[in-house]
1. Is it the case, given these coordinates, that residue 20 is of a type outside the set (Lys, Arg) and at pLDDT below 95?
2. Go through the range 35-88 and give me each residue that's among the aliphatic types (A, V, I, L, M) and either touching a Cys at 6+ places or on another chain (Cβ under 8 Å) or surrounded by fewer than 16 Cβ atoms within 10 Å (Cβ to Cβ) (or both).
3. Could you tell me how many of the residues in the range 26-62 are part of a loop (DSSP other than H, G, I, E, B) and either within 18 Å of the chain's Cα centre (by Cα) or under 17 Å from residue 101 (Cβ atoms) (or both)?
4. In the set 136, 72, which member is among the hydrophobic types (A, V, I, L, M, F, W, C), touching a strand residue (DSSP E or B) at 6+ places or on another chain (Cβ under 7 Å) and either modelled with pLDDT of 90 or more or at negative phi (or both)?
5. Every residue in the range 89-120 that is of a type in the set (Ser, Thr, Tyr) and either open to solvent by less than 70 Å² (accessible area, probe 1.4 Å) or modelled with pLDDT of 70 or more (or both), please.
6. How many residues does the range 1-45 hold that are out of contact with any Gly (no Cβ under 9 Å at 6 or more places or on another chain) and free of Cβ contacts under 8 Å to residues at least 12 places away in the same chain?
Amino acid sequence: MPNLVVELNGDAVHAIRAPDRFTASGPFAITFENRGRSTHVHIHFDDDLDRVASVDEANHFVDDEATRHVHVSVAADIREPVRGKLKIVTGYGSETRYIDVQIDPPTETDGDAVAVDETFTKPPERPPEVPFRQRVANALDRLVERG
């Protein structure tokens, strides 16, 4: 999942540092990395983006020196690229930053496919089975130890 990283309070109080552009082809995350004091952040998609992208809440509180991830849901039925602006506001309007966002249609992949690590294609290695005589000897040793 793509990740849009936004730095808060890095250069000054309520400062916002983010890339000018961001592109995704499905859901993505906005990661707020706070370099200073706690702050409130408001995010807003313009009309074009708002039709295909959404967040559960527009207002977020980011603690001192903390990182906060905000999940952005994207409509699955996008047929052509959608462009618009993401507005990020801190300090109750004292700083505002706009990011050009493009959301592309999802790539043609098998929706039911699941990526499997190659290590799972081989059966797990099992330790050799302990012979019956050894299991009996181990059981007797445990009994003697317990008294």
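The values are calculated or read from the model by the stated rules, or taken from the named source; none is laboratory data. Given the structure is predicted, the values throughout are model-derived calculations rather than measurements. Counting neighbours? That spans all protein chains shown, and the Cβs are built from the backbone with ideal geometry, glycine included. We work out accessible area using only protein heavy atoms, side chains counted, and drop any ligands, DNA or RNA first. Shrake-Rupley method; radii C 1.70, N 1.55, O 1.52, S 1.80 Å.
1. Numbers: of a type outside the set (Lys, Arg): yes; at pLDDT below 95: no.
Considered against the rule, which asks whether it is of a type outside the set (Lys, Arg) and at pLDDT below 95, residue 20 comes out as no.
2. Going residue by residue through the range 35-88, those that are among the aliphatic types (A, V, I, L, M) are 41, 43, 49, 52-53, 55, 58, 62, 66, 70, 72, 74-76, 78, 82, 86, 88.
Matches in the range 35-88: 55, 58, 66, 75, 76.
3. The initial filter retains those residues of the range 26-62 that are part of a loop (DSSP other than H, G, I, E, B), namely 26-27, 35-38, 46, 51-52, 55-58.
Add one more test, that the residue is either within 18 Å of the chain's Cα centre (by Cα) or under 17 Å from residue 101 (Cβ atoms) (or both), and what stays is 26-27, 46, 51-52, 55-58.
Number of matching residues: 9.
4. On the way: 136 fails: touching a strand residue (DSSP E or B) at 6+ places or on another chain (Cβ under 7 Å).
It is 72.
5. 90, 92, 94, 96, 98, 107
6. Residues meeting the conditions: 1.
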